[in-house]
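Notes follow the structure.
The values are calculated or read from the model by the stated rules, or taken from the named source; none is laboratory data. Every value quoted in this text rests on a predicted model; they were computed, and no experiment measured them. Because the Cβ atoms are built from the backbone with ideal geometry, glycine has one as well, and the counts that use them run over all protein chains shown. For accessibility, only protein heavy atoms count, side chains too; no ligands or nucleic acids. Shrake-Rupley method; radii C 1.70, N 1.55, O 1.52, S 1.80 Å.
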Amino acid sequence: MSVKRTPLVAGNWKMYKTIAEARQLVPDLVQGLSKVGGVEKVICPPFTSLMAVKALLEGTDIKLGAQNLYWEKEGAFTGEISPKMIAELCQFVILGHSERRTYFGETDETVNRKVRAALEVGLIPIVCIGETLAENEEGKTQSVIHRQVQAGLSGIQLQPDNSGDVPLVIAYEPVWAIGTGKAATGEFANRVVQEMIRPTLSMLFGDQVAKSVRVLYGGSVKANNAAEFFDQSDIDGALVGGASLKAEEFIGIVKAAAESLE
Ligand code: PGA
């Protein structure tokens, strides 16, 4: 049975945009995206802007995501934000981004604790995986991807919801393509999803779930190269960094996703 997956385009603002700057960008996004249907749109500002952006998104179909959380329910964890605090504001949360793995010591194990905690409060995690340049060149892509999916998602249960979508999203982001302007080719990214990510998902959760999980590509996606990814059989959208900070670019990417449905 073939499965229809709703395309999803998420903007990862990283550590960009003050509240004042977010207030300038979001109205333009709302206006430009209001007529683009069929694509789930998510923006993920820094924690400090979540409240302000949430207010600006009221009444639109654009959803809100955070960029991280801590797995404990509450407690003396200075500087951390709990799953429930995020769930009060957001529907999505990016977890295990390569910048967090590289600069903040996140591992498959800590990513797994965060994924479980997010699912427990009803947040949809966008779990980032991807090989480094060295791993790619040493022919280790398959083993890295397999390990990150298996360890990152261990011990969780997944089922498609009423719409057929599974409440977990994977973003395949080869580290060498992030912020470098050197995107992977659509064909290469699709092969990783089709031959490495979905088979691992199938092993863990069965065929139906493996076919229903949305897998995004991330790494130097722009309005002018997005279609190359959205045209692929197994790629269901994009996680966009730099280009999500410019209204015109992000709107162009979402439009490309909508056009791929036609
Ligand atoms: P980029 O970042 O689009 O700026 O390459 C993608 C990401 O880090 O999610």
Quiz item: Just wondering, is there one or more residues in the stretch 59-67 that are touching a strand residue (DSSP E or B) at 6+ places or on another chain (Cβ under 9 Å), surrounded by fewer than 21 Cβ atoms within 10 Å (Cβ to Cβ), not in a loop (DSSP other than H, G, I, E, B) and not hydrophobic (A, V, I, L, M, F, W, C)?
Solution: yes
Exercise. Output yes when any residue across the stretch 167-176 is on the phi > 0 side of the Ramachandran plot, open to solvent by less than 50 Å² (accessible area, probe 1.4 Å) and in a strand (DSSP E or B), and no when none is.
Key: no
Quiz prompt | the stretch 125-143, subset among the aliphatic types (A, V, I, L, M) and crowded, with 23+ Cβ neighbours inside 10 Å, residue nearest to the chain's Cα centre (by Cα) | solution = I126
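Per-residue answers, yes or no, for (1) open to solvent by 20 Å² or more (accessible area, probe 1.4 Å); (2) under 20 Å from F250 (Cβ atoms); (3) in contact with a strand residue (DSSP E or B) (Cβ under 6 Å, 6 or more places away or on another chain):
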| position | (1), (2), (3) |
| --- | --- |
| M196 | yes, no, no |
| D207 | yes, no, no |
| S212 | no, no, no |
| Y217 | no, yes, yes |
Exercise. Look at the stretch 74-101 and say how many of its residues are assigned to a loop (DSSP other than H, G, I, E, B) and touching a residue at least 40 places away in the same chain (Cβ under 8 Å).
Key: 4
Quiz item: With respect to M15, is the statement that it is within 16 Å of the ligand (Cβ to nearest atom), in contact (Cβ under 8 Å) with a residue 12 or more places away in the chain and surrounded by fewer than 22 Cβ atoms within 10 Å (Cβ to Cβ) true?
Solution: yes
Exercise. Take V215 and decide whether it is touching a residue at least 40 places away in the same chain (Cβ under 8 Å), within 14 Å of V42 (Cα to Cα), within 16 Å of the ligand (Cβ to nearest atom) and out of contact with any Cys (no Cβ under 8 Å at 6 or more places or on another chain).
Key: no
Exercise. Could you tell me which numbered condition L95 fails, if it satisfies all but one of (1) touching an Asp or Glu at 6+ places or on another chain (Cβ under 9 Å); (2) of a type in the set (A, V, I, L, M); (3) more than 16 Å from the ligand (Cβ to nearest atom)?
Key: (3)
